[in-house]
Amino acid sequence: MSEGNGQEEMGSIRFPAEILSVVAPDLSLKRHLDLGLRPCLRKFHEFKNLTLNVKSGLSRYDGDVDGESVTDSPVLGSSVIKSGNTTVICGITGGIVEIANVSTTTTSDDHDDSMEYTSIYPVVEISRGKLNGAPTDEEMILSQQLYETLLHSKILPKKSLIIDNIALKTNDDTNNNNNNRKRYAFVLYANIQVFSREGPLFDYCYGSLVKSLQTVKLPFIHFTDEEFIINDNRKNGGNVKPEIICDSEAYNQLKINEENINWSLTFGLVNNDDGKETIILCDLEGHAEETCCKSLINVIIDKNLKMRYLNIVGGDENVIIDENIVLKTVQLAKNRVNNILN
Amino acid sequence: MPKGIDVSNVAKDFELESLKQGLRLDGRKLNEFRDVEINIGNSYGSVDVKLGKTRIAVRISAEIVAPFEDRPFEGLFMINTEISPMASAMFESGRQSDEEILISRLIEKAVRRSNALDLESLCIIAGEKCWSIRADIHYLDYDGNFADISCIGVLCALLHFKKPDITINEHQEIIVHPINERVPVPLSILHIPICVTFAFFNPNDVEENIKGDSNAELIVVDPTMGEELLAYGSLTLTMNKNRELVQISKAGGLSIDAMVIMDCSNLAYEIACRITDQIREAIKADDAKRAEKRLEIRL
Amino acid sequence: MSSGGSDELIYEAKLSVLNRVDGSAQLSISSRKDLDEGELGIICSITGPIESKARQESPQQSNLEISVMPHIGVASTREKLLEYKLKLVLDRVIDSFEYPRQLIQIVLQILNKPNYEDDTTIGSDDMNDFFSLNDLNGCLISTYLALIDSGISMKSSFLSSCCIINSNNQLTTDFNKNDLINSKSAHLIVYDLRNGKCNNLIYSESIGEFDEQIFFKNVLDKCKKEIENLNTKVIKNCITEKFKNDYIWKA
């Protein structure tokens, strides 16, 4: 609209692609989709490049690195996943707890294999340039999702963590069983660091977690009478007499249920321009895709290409989620998992 | 940001005038405590209490843990008094408001420090294993006087709660028997402290109160939210049926004559007796109901 | 208080139970067969739209603050995840463009859990972590009722249902802890409603061994029926009762 002497004219503003994706993400996405592309310049069903590395050199038992045998690192197993620009490093550490000498009288009756599985406790840290801060909502949610997913996948049996061959280091077998009736078990923690976050992270975090688990080795445990001096700032800052101690060399591979190893994939659903067709986007990347794909499908498929988990979020009311779309998505997922795990 | 509720000057004057004439907005007399309604739930240690419109839910849970190193013969007891925005928009989630801190301290003194729950009875294996009892108070609706209702709720729930029976076998292992196998064991409650809160109003000017002789301060028992917002200070007395004063808390506010505290104590004692009886009645009625149910199942 | 349900579950719902908030609802779900199991009791309160803090403000839409409080203990990451899932559904359903720069505060308090999960002794078998689907189901239904009570604008009605397929391949909405843990698969389905019938799938979460056929043919059908049943028998009566009470002074 020009008024008066016609000096005022409305023109269009041009933005470079990255700025447009922040200012008007839906517009940016639409324009790309019309061309058959995505803002990250991949095709709709094209996944990001994925590199899995399990010999990261972080773990205690990554003996072949540098020709050194066992180091004194606390990491029992680790893995590094690189997908696109995002790097996820997962390190698994362990602790030993006394299994409470508490048992319920019905344990022998309703034993079912489902009760026999446990999970590990992950803490996710997404590096955003802030040095220290309380875990953000996203980190807390990811950690909880990882914990629950691993638990439901029935990958880690409780039995594998129970320590039942504690030897007495002093080779004195007489008092072995009677004195210390305490039973111990390992507890595993996972520390997952994410660098260069580009999109939804659950898939990579879960993948790195599962891969690390496959490399975890548990050290041998001994009873000991030794006393140690620890710099402890609490009142016991002096001599500590732990009853058990980890062997510095010997270890066992952690026994996991290899059959149930699975992989997670997240897809975004978005409508094309005339709203008639629903497009499935693999491996969401970038601000535009992440904010505009409100409808998501998350599938977890195991080695035998069986579905173990399905989560459909219909956040976008214009995208109608019906049987066809879900079946197509699951098929894409199965193909991808076949390539990764087999 | 959800702010505190502001009361208009008109409302303030109206309420003060009514109090001077011995009337309260909900029709009670100045020394009248609201009716307490106790609902006992299905599981042990689960109690809902209503004090007028104020409403809370209390849940007791038990866990076996290692005792503190410096107290190997005592169990653990903790009370959680987190107030959520459900009670009222003036409470923020995640941040402890001043109200919350005061209530938390009050309950701490009245219930924990007074040893209402005998901690030594919670010991299982000295220095190694003990019961840790946890009381979670969920504040559902706020109409004043969270302190008193919290105390009533926690005590009622503790009296109702039963922990599973345990046996220790020869290998020093603890076996916990499920509730349907062996009759669970009630907690050892040594006395029942009941908090009674009084709110003060100043009908005259500040100077009269400090320098003058007239002691015209108005004291009101069990303030509602409207009264709490207008009050100049409050006093909480905790007494039990043995006529023992468990704790007194008067945190600043309007200065009152010291003799008034004696009168308040007497009033508090009567109220404490009545409420203690009511709590015991409720527990007895629930026990009877459960016994009947067990008979029915057997028949 | 209005109650009813299917042949497997009993639902009891009541609106306007709290005084200091804009909308509230109390819901309890219990098993019809096993009356001793106890109930899942949840109370939901909604305050809004109210003024939001500057850092929470959104220029064109309203902001949702959801808190879930467990019945025992303090809120942990488990509740954070429940809040996240609730937000996924509510973002789709609440008409956020109607209340720009405002805050809608939703608080859910879990009051009771069915006895099987309500082991007041937290022992070495803390299976509470195993499934939070049942909690999510209760939270969704009670939030829907509270939203109606509070008068917040919604784009559509929604309801949810939770079911399991047990080891005998039976599909059921009535299950206890052992059933849940030993089940082949567990499903939570949320649909939006139109004219009393299920319309579009809003949210679904399925855990366990199952395949696509079972999901689409059996699970969705069962949940649709359960939702429509819940809607006609319980929700509608509940809302009718609320209106009767609201208009009680009408001449």
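The values are calculated or read from the model by the stated rules, or taken from the named source; none is laboratory data. Here the structure is a predicted model, which is why all the values come from computation and not from measurement. Don't worry about glycine lacking a Cβ; one is built from the backbone with ideal geometry, like all the others, and counts go over all protein chains shown.
What single numbered condition from (1) more than 14 Å from chain C (Cβ to nearest Cβ); (2) closer than 30 Å to residue A:22 by Cβ fails to hold for residue A:248?
(2)
Taking only segment C:176-218 into account, find how many residues are free of Cβ contacts under 8 Å to residues at least 12 places away in the same chain and of a type in the set (Phe, Trp, Tyr).
1
Does at least one position in segment A:283-290 carry a residue that is buried (at least 23 other Cβ atoms within 10 Å of the Cβ), within 10 Å of chain C (Cβ to nearest Cβ) and at pLDDT 90 or above?
Checked against the condition, which is being buried (at least 23 other Cβ atoms within 10 Å of the Cβ), within 10 Å of chain C (Cβ to nearest Cβ) and at pLDDT 90 or above, segment A:283-290 yields no hits at all.
Which residue pairs have Cβ atoms under 7 Å apart, sit 6 or more places apart or on different chains, and have a first residue in segment B:243-266 that is more than 26 Å from residue B:117 (Cα to Cα) and a second that is in a loop (DSSP other than H, G, I, E, B)?
As it stands, the answer is B:253/B:232; B:254/B:202; B:254/B:217; B:254/B:232; B:256/B:217; B:257/B:215, since those pairs meet every condition given.
Which one is farthest from the chain's Cα centre (by Cα) among residues in segment C:168-203 that are within 19 Å of residue A:151 (Cα to Cα) and small (Gly, Ala, Ser)?
Step by step, filter segment C:168-203, then rank; the result is C:183.
Given (1) of a type in the set (Ser, Thr, Tyr); (2) more than 28 Å from residue B:72 (Cβ to Cβ); (3) outside any helix (DSSP H, G or I), where does residue B:132 come up short, assuming only one miss?
Exception for residue B:132: condition (2).
What number of residues in segment C:144-183 are of a type in the set (D, E, K, R), modelled with pLDDT under 90 and part of a loop (DSSP other than H, G, I, E, B)?
The qualifying residues number 1.
What tally of residues in segment A:121-143 results from selecting those that are over 21 Å from residue A:216 (Cα atoms) and part of a helix (DSSP H, G or I)?
6
Could you run through segment B:155-177 and say how many residues are closer than 16 Å to residue B:133 by Cβ and either touching a Cys at 6+ places or on another chain (Cβ under 8 Å) or not in a helix (DSSP H, G or I) (or both)?
Residues that pass the stated criteria total 7.
Could you say which residue among B:125, B:103, B:38 is surrounded by fewer than 18 Cβ atoms within 10 Å (Cβ to Cβ) and among the hydrophobic types (A, V, I, L, M, F, W, C)?
Exactly one of B:125, B:103, B:38 is surrounded by fewer than 18 Cβ atoms within 10 Å (Cβ to Cβ) and among the hydrophobic types (A, V, I, L, M, F, W, C), namely B:125.
With respect to residue B:43, determine if the residue is within 13 Å of chain C (Cβ to nearest Cβ) and touching a residue at least 24 places away in the same chain (Cβ under 8 Å).
Spelling it out, it is not the case that residue B:43 is within 13 Å of chain C (Cβ to nearest Cβ) and touching a residue at least 24 places away in the same chain (Cβ under 8 Å).
For segment A:319-332, give me each residue that is loosely packed, with under 15 Cβ neighbours inside 10 Å, more than 7 Å from chain C (Cβ to nearest Cβ) and either in contact with a strand residue (DSSP E or B) (Cβ under 7 Å, 6 or more places away or on another chain) or not in a loop (DSSP other than H, G, I, E, B) (or both).
A:324, A:331
If you go through segment A:18-37 one residue at a time, do you hit one that is within 31 Å of the chain's Cα centre (by Cα), surrounded by 13 or more Cβ atoms within 10 Å (Cβ to Cβ) and in a loop (DSSP other than H, G, I, E, B)?
Yes: segment A:18-37 contains one or more residues that are within 31 Å of the chain's Cα centre (by Cα), surrounded by 13 or more Cβ atoms within 10 Å (Cβ to Cβ) and in a loop (DSSP other than H, G, I, E, B).
Return the residues of segment B:140-154 that are touching a Pro at 6+ places or on another chain (Cβ under 7 Å) and assigned to a loop (DSSP other than H, G, I, E, B); say none if nothing qualifies.
B:144, B:145
Name the residue that is farthest from the other protein chains (Cβ to nearest Cβ), counting only residues in segment B:72-100 that are surrounded by fewer than 16 Cβ atoms within 10 Å (Cβ to Cβ), part of a loop (DSSP other than H, G, I, E, B) and without any contact (Cβ under 8 Å) to a residue 40 or more places away in the chain.
Per the stated criteria, the residue is B:97.
Residue by residue, here is whether (1) part of a loop (DSSP other than H, G, I, E, B); (2) surrounded by 20 or more Cβ atoms within 10 Å (Cβ to Cβ) holds:
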residue: C:47; (1), (2): no, yes
residue: C:55; (1), (2): no, no
residue: C:59; (1), (2): yes, no
residue: C:66; (1), (2): no, yes
residue: C:74; (1), (2): yes, no
residue: C:84; (1), (2): no, no
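Please go through (1) more than 9 Å from chain A (Cβ to nearest Cβ); (2) buried (at least 19 other Cβ atoms within 10 Å of the Cβ); (3) in a strand (DSSP E or B); (4) not basic (Lys, Arg) for residue C:206 and return the number of the only condition it doesn't satisfy.
Unmet condition: (1).
Looking at residue C:117, is it within 14 Å of chain B (Cβ to nearest Cβ) and modelled with pLDDT of 95 or more?
It is false that residue C:117 is within 14 Å of chain B (Cβ to nearest Cβ) and modelled with pLDDT of 95 or more.
Quick one: which of C:216, C:210 is more than 23 Å from residue C:145 (Cα to Cα) and out of contact with any Asp or Glu (no Cβ under 7 Å at 6 or more places or on another chain)?
Answer to the check: C:210.
Taking into account only those residues within segment A:82-117 that are in a strand (DSSP E or B), over 19 Å from residue A:192 (Cα atoms) and away from chain B (no Cβ under 14 Å), which is modelled with the highest pLDDT?
Within segment A:82-117, the match that is modelled with the highest pLDDT is A:96.
Can you find even one residue in segment C:25-44 that is touching a residue at least 12 places away in the same chain (Cβ under 8 Å), assigned to a strand (DSSP E or B) and more than 25 Å from residue B:136 (Cα to Cα)?
yes
May I ask you to verify whether residue B:137 is crowded, with 23+ Cβ neighbours inside 10 Å and not in a loop (DSSP other than H, G, I, E, B)?
When the stated conditions are applied, residue B:137 passes them.
Among residues belonging to segment A:296-318 that are within 9 Å of chain C (Cβ to nearest Cβ) and over 20 Å from residue A:150 (Cβ atoms), point out the one that is farthest from the chain's Cα centre (by Cα).
Ranking the candidates gives A:317 first.
Mind checking which residues of segment A:284-293 are farther than 19 Å from residue C:92 by Cα and touching a helix residue (DSSP H, G or I) at 6+ places or on another chain (Cβ under 8 Å)?
A:284, A:286, A:287
May I ask you to list pairs of residues, at least six apart or on different chains, whose Cβ atoms are under 9 Å apart, with the first in segment A:133-146 being more than 9 Å from chain C (Cβ to nearest Cβ) and the second being small (Gly, Ala, Ser)?
Going by the 9 Å Cβ cut-off, the qualifying pairs are A:146/A:119; A:146/A:190.
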